[in-house]
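The block underneath contains the structure these notes are about, expressed in C-alpha cells.
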Amino acid sequence: MPFVLRLILRNAFRHRLRTTLTMTGIVVAIVAFGLLRTIVDAWYAGVEASASTRLITRNAISLVFSMPLNYEQKLRQVPGVASVAGANWFGGVYITESNFFPQFAIQGANFLDMYPEFRISAEERKAYLVDRQGAIAGRKLADKYGWKIGDQIPIRGTIFPGTWTFTLRAIYDGADAKTDETQFFFHWTFLNETVKARFPRRGDQVGWYVIEIRDPTQAAEISQRIDATFKNSLAETLTETEKAFQLGFVAMTEAILVAIQAVSFVIVLIIMAVMANTMAMTARERYAEYATMKAIGFGNAFVAGLIFAESVGIALAGGAVGIALTFPVANAFGGALATLFPVFFVSEETMLMQVCAATLVGVVAALIPAWRAAHVKIVDGLRAVA
Amino acid sequence: MNDGTDSAPLVAIRGLGKHYVRGDQIIPVLVDINLDVREGDFVALMGPSGSGKSTLLNLVAGIDKPSAGRILVAGVDIAQLTDSELAAWRAAHVGFIFQFYNLMPVLTAFENVELPLQLTSLARRDRRERVENALSLVGLSDRMDHYPNELSGGQQQRVAIARALIADPTIIVADEPTGDLDRVTAEEILDLLQGLNRELGKTIVMVTHDPKAAGRARRMIHLEKGVLVD
C-alpha cells in the first residue's frame, strides 16, 4: 500500500470511537437523505411516467366536472390527434376504506394502446376486451390482495353507488420501475350503461379524455386547437400535456414537498457541521505533526491534502454504507406505505445525489482545518507539542 | 563571530535580526547576529530562556524568516527563498532533532525514519536499505516495527536522530535534544550526536540549557537578550 494511503488510513482510525461515531452519523444522514429524496421521487412518479405524446383534456372549470361523450368525435377531427380515449375516476372501496387503490373506467382498446407501459399478454387483453365486466389490475395490486385471473372482485361505489362486481381478466406488468402497478381498470361502457340505467341524467359523461398526438413538438398548438373547438360550449375544456396534468396534482401538495426537500438538505447541513467539528478537532490535535512534516520538507498542499483525503474518505465510507442501507430501508418504507406511494424505489439519481452529498460533507468539513494546517507557521505548530 | 579559520563557512550569518510586532510594540528577539559555522562543526547555542537561541536555530534551519540580515547555508541565502523553495531546501539540507522527538504516532520506527525519503525519488529497495542502516547506526535494528508509544523516550529520540540523518543533510539542527530525557539516557543521546559529528563529520547546531550537554560540542556560543555575548 502506498505510503500516503497508509498514513491517511491510520490517521482516520487513530481515534476509532470518534471515527466510528462520525461515520455512523454520516450513515444515518445519508440514509435519511436518500429516503426523503425517494419520497419526493415517489411523489413525482406520475409526472415521470407521463408520455410526451399524450395530452389530457378535461373540463375547464375543474376535474370534478365531466364532459359530454360526443366530444370524442370532435376531438378525433382536430388536426394532429391520432387517437382518443375517455376515462372516469371510479373511487370505489374494496372491502374496507383502508384498501385504497385507484380505479378507472376506460374506453376500450384505444386506452390500452395509448399506454404501452402497461404490459398485458395478448391472451389476457383479448379476454378483457370481450368481457363487459372484465377488469385489469396491476401486478403489485393483484399480488397484494392475492387476486388471480378469473377472480370476482366486488367494489362498493362511492361516486357511483352500489356494489360493482368485476371479473379479473388481465394483470399488467410495468415496462419499468417507474410504472405504477397498483391501478385497476375496467370498461367505461359497463360503467356508463349501468349509470344510465340507474341514474339516466348522469349517463354519457366522461371525466377526461386522453389524446394521443402524432408529433409531441405540436403539443401546445394541438392543445390550443382542442380548447378553441369547445370555446363557448357548455363544457369548455382545458387541454395540457399529461406531464402538466400530473404536475397539477403534485402542485396541490407542493408545500409538503418543499418541506421534505428542505429537511433532506438540512440533514446534510447538520452532518456537515458535525463532521467539520470532528475534522477541526482532529487537525488541531495534529498541528505539531503537520508542522514537523512541513519542517522535514513536505509542502502545505501535501498537509492540506492529508486532511482532505481523510475527511472525504470517512465521509465516502459512511456514504457507501448509507447508500447500501437505503435500499432495505426504502423497501420496508415503500412496503408499509404502498397505498400512498405505489411507485417507490431508490433511483440512480438519488444514489448519485447521496454520493455527491457525502463528498460535499467531506470536502466542506475539511476546508477550514486544511487551510489552517497548511498555513500554520512551522514554529507555531511545533510549539503545540510542548 | 567566527571560528578563526579561513575556509568558507558552511553557515554564514550576517547582520541577522528578528523582531516580533505586538500591537504598536516592536519586540526584538535577535539583534545584529554575525556567526559562522564550519562544515563538520558541532556548535552548542546556550543562553537563558527568551535569549533567542531557539529563534536563531529556527532561522538557520529555514523554518522561520528573519526580519533583517542574511543567512547563507552552503552558499544559498535562505532568507531569499520562497516558502516552497524553502521546503525543498529543508528536505535536501536539514535534519531536525526536537526536544519531544516529534515522531508520527501512526507510523512505525521504520516508517518514521523513512519519512524524509518519501520526498526523494529513491527506489523502495534503496529506501529500505538506508533506513535499516540508519536504525542500525542508532542501535534500534530490533525496534523497526515498533510504534513510538511502544518505545522509551531515549529510543524515540534515537529514531528521531535516524530520521534526521536519513537524507544525508548538510546540517543537523537539534533543539534541546536531551531536554525530555533522564541523565543516563541524555548521555547516550549526546554520545550518539558526538559520534555523528566526530565519526561521520556531520555538522550539528544544538540548542541546550544544559552545560554538560553543551560541553560535548566543539564550540559553545552564548546568547543573552538576542545578542551574541562570546
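Remarks
- Filtered residue count, region B:196-225, keeping only those that are under 15 Å from the mean Cα position of the chain (by Cα) and in a helix (DSSP H, G or I): 4
- Scanning region B:13-61 for residues that are crowded, with 19+ Cβ neighbours inside 10 Å and either polar (S, T, N, Q) or without any contact (Cβ under 8 Å) to a residue 12 or more places away in the chain (or both) yields B:Ser51, B:Ser54, B:Thr55, B:Asn58.
- Against the numbered list (1) in the same structural domain as A:Val195 (by TED's automatic domain parsing); (2) touching a residue at least 40 places away in the same chain (Cβ under 8 Å), A:Lys243 comes up short only at (1).
Residue by residue, here is whether (1) outside any helix (DSSP H, G or I); (2) within 14 Å of another protein chain (Cβ to nearest Cβ); (3) more than 30 Å from A:Leu247 (Cβ to Cβ) holds:
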{"residue": "A:Asn11", "(1), (2), (3)": "no, yes, yes"}
{"residue": "A:Thr24", "(1), (2), (3)": "no, no, yes"}
{"residue": "A:Gly34", "(1), (2), (3)": "no, no, no"}
{"residue": "A:Val47", "(1), (2), (3)": "no, no, no"}
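- Residue count for region A:271-290 satisfying the condition of being surrounded by fewer than 24 Cβ atoms within 10 Å (Cβ to Cβ) and over 30 Å from B:Leu117 (Cα atoms): 6.
- Number of residues in region A:318-352 that are more than 9 Å from A:Thr38 (Cβ to Cβ) and touching a Phe, Trp or Tyr at 6+ places or on another chain (Cβ under 6 Å): the value is 1.
- Residue among A:Thr194, A:Thr217 that is outside any strand (DSSP E or B), at pLDDT 90 or above, in the same structural domain as A:Ala137 (by TED's automatic domain parsing) and within 29 Å of the chain's Cα centre (by Cα): A:Thr217
- Filtered by the rule that a residue be surrounded by fewer than 23 Cβ atoms within 10 Å (Cβ to Cβ), over 43 Å from the mean Cα position of the chain (by Cα) and either more than 8 Å from chain B (Cβ to nearest Cβ) or assigned to a loop (DSSP other than H, G, I, E, B) (or both), region A:291-307 gives A:Phe298, A:Gly299.
- Residues that are over 30 Å from A:Tyr44 (Cβ atoms), outside any helix (DSSP H, G or I) and hydroxyl-bearing (Ser, Thr, Tyr), drawn from region A:227-245: A:Ser233
- Residues that are facing chain A (nearest Cβ under 8 Å), under 19 Å from A:Arg14 (Cβ atoms) and crowded, with 21+ Cβ neighbours inside 10 Å, drawn from region B:90-102: B:Asn102
- Restricting B:Thr170, B:Thr178 to residues that are more than 14 Å from every other protein chain (Cβ to nearest Cβ) and of a type in the set (Val, Ile, Thr) narrows the list to B:Thr178.
- Count of region A:310-368 residues, restricted to those that are among the charged types (D, E, K, R) and crowded, with 16+ Cβ neighbours inside 10 Å, is 1.
- Just one of the listed residues (A:Leu112, A:Leu75) is crowded, with 19+ Cβ neighbours inside 10 Å, touching a strand residue (DSSP E or B) at 6+ places or on another chain (Cβ under 6 Å), away from chain B (no Cβ under 14 Å) and not acidic (Asp, Glu), and it is A:Leu75.
The values are calculated or read from the model by the stated rules, or taken from the named source; none is laboratory data. Since the structure is predicted, the reported quantities are computational estimates derived from the model, not experimental observations. As a convention, Cβ positions derive from the backbone with ideal geometry for all residues, glycine included, and neighbour counts pool all protein chains shown.
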